[in-house]
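Just below is one structure, and these are the notes that go with it.
The values are calculated or read from the model by the stated rules, or taken from the named source; none is laboratory data. These numbers were taken from a predicted model, which means no experiment stands behind them. Counting neighbours? That spans all protein chains shown, and the Cβs are built from the backbone with ideal geometry, glycine included.
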Amino acid sequence: MTLTDTVRERLKDAVGAKGFSEDANEIAPHLVEWRSKYQGRTSLLLKPRTTDEVSKILTICNETATAIVPQGGNTGLVGGQIPFHGEVLLSLSRMNAIRDADRTDMSLIAEAGVPLAKVHEAAGEIDCLFPLSIASEGSATIGGNLSTNAGGVNVLRYGSTRALVLGVEVVLADGRVLDMLRTLHKDNTGYDLKQLFIGAEGTLGVITAAALRLFPKPTTYETAFLAVRDPEAAVALLHRLQNTTGGLVSAFEIMPRLGLQFVRDHVPNASDPLSKPSDWYVLTEVAAAGELPLKDLVEKTIASAIADGLVTDGVVASSEAQRQALWHLREAMSEAQKFEGGSIKHDVSVPVDKIPEFLKQGIALVEKMVPGVRPVPFGHIGDGNIHFNFSVPKGGDNQAFLARWEEVSHAVHDLVRDFHGSISAEHGLGVMKRGEILRYKSQTEMDVMRTLKHTLDPKNILNPGKVV
């Protein structure tokens, strides 16, 4: 895309001297995503400070049919935040204020550029919890979280991002501001318009602020790292813990031995919490606000699971430092896999009770396609979301392995369809799965999505080439 000098100057004037950059060195970090899979290009980075400035930018872009790509913390994994064809890049990083936090109303209003970690801090200051938790929370921003409908480790109990949003402020493609920044917990007045923009990856409008739902801050955590017999045992243990604790399980993560070994080998301050290796592990956390006998409930459930052969070994964190050390093992798994060479990754979901059979069939399928491949499936088994990853065979050719990404993904995604699952559980479609989704969504679904896109962005200026 070619940006004319006239349009460039108008956009720069809209944000002022501090609101733009044409410096290639400053722009460069915004053009590569975390896995280095995608490389973009742009000559202009806009950094508005206010919603009014975003409105002026989109008014100009709409009038001149200038394509623009919104970007949050650049932690996305499907290329949705990258400008591939020289589009103007819109960073919301300077819109980073907490506008309000209300303990009585259990709500918080944050601008789009506020890092998720800062939202956690602001909620904590009024003795509340914002439960969205992802590994990149120090960099990921609220605007990006909403735009991708981020998931994370606490979806099991609290739901994905869309369940945590009370209202939004959105700038439409033509520059109009759609102010739905309400903190009401009930509002049954027609279409729930905010949900159109959550998970839309910036293709329907630019989210500039959000009213977020808060929860009582837990005062007690019981965190356990357990060796389980197999994935079937993990699912059975999940049901037991949910029943015993009355649904207070916040997180339930599965990890294979190879993934733990990668973390031990490559991540500082990581050690095996158990004395003997196991093919599969579960990291689970139960949390509550108030005086509840969580420790006894969790330990009794684990003891019964050991007696029945579901759990073979385990440890329950006895301090906050131990709790953090256990979570470090899980959160470092993606990082550790980088050191083992190329990896083909999938973000899929299937019904929870189908996960054991899916893992069995899926691993066998890819092992047959790529002899020697190293399976590293891990993630949110509690809500059915598995990061179904495979590392290059030991000593194998990285490029030759990665060249089979599309072939392997087609096979895996076909299997996911057979299990009535989704090929994108929490990462979105971006550019990576834009074409792939056509193989799995019905024509009617795609027609409705395209109708929404054309209605809200008729000139296709918002993040073109992504999602639809």
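The table below gives the values:
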{"read-out": "Filtered residues of the stretch 340-357 (kept if under 21 Å from GLY428 (Cα atoms) and outside any strand (DSSP E or B))", "value": "LYS345, HIS346, VAL350, PRO351, VAL352, ILE355"}
{"read-out": "Number of the exception - GLY143 against (1) in contact with a Pro (Cβ under 9 Å, 6 or more places away or on another chain); (2) in contact (Cβ under 8 Å) with a residue 40 or more places away in the chain; (3) part of a loop (DSSP other than H, G, I, E, B)", "value": "(3)"}
{"read-out": "Single residue of the stretch 43-76 satisfying the filter (assigned to a strand (DSSP E or B) and in contact with a helix residue (DSSP H, G or I) (Cβ under 9 Å, 6 or more places away or on another chain)) that is farthest from VAL170 (Cα to Cα)", "value": "LEU45"}
{"read-out": "All helices (runs of 4 or more DSSP H) inside the stretch 165-284 with 2 or more residues being more than 30 Å from THR312 (Cβ to Cβ) and not assigned by TED's automatic domain parsing to the domain that holds SER319", "value": "194-197"}
{"read-out": "Qualifying residue in the stretch 393-412 (condition: assigned to a loop (DSSP other than H, G, I, E, B), within 28 Å of VAL267 (Cβ to Cβ), touching a strand residue (DSSP E or B) at 6+ places or on another chain (Cβ under 7 Å) and of a type in the set (A, V, I, L, M, F, W, C))", "value": "no"}
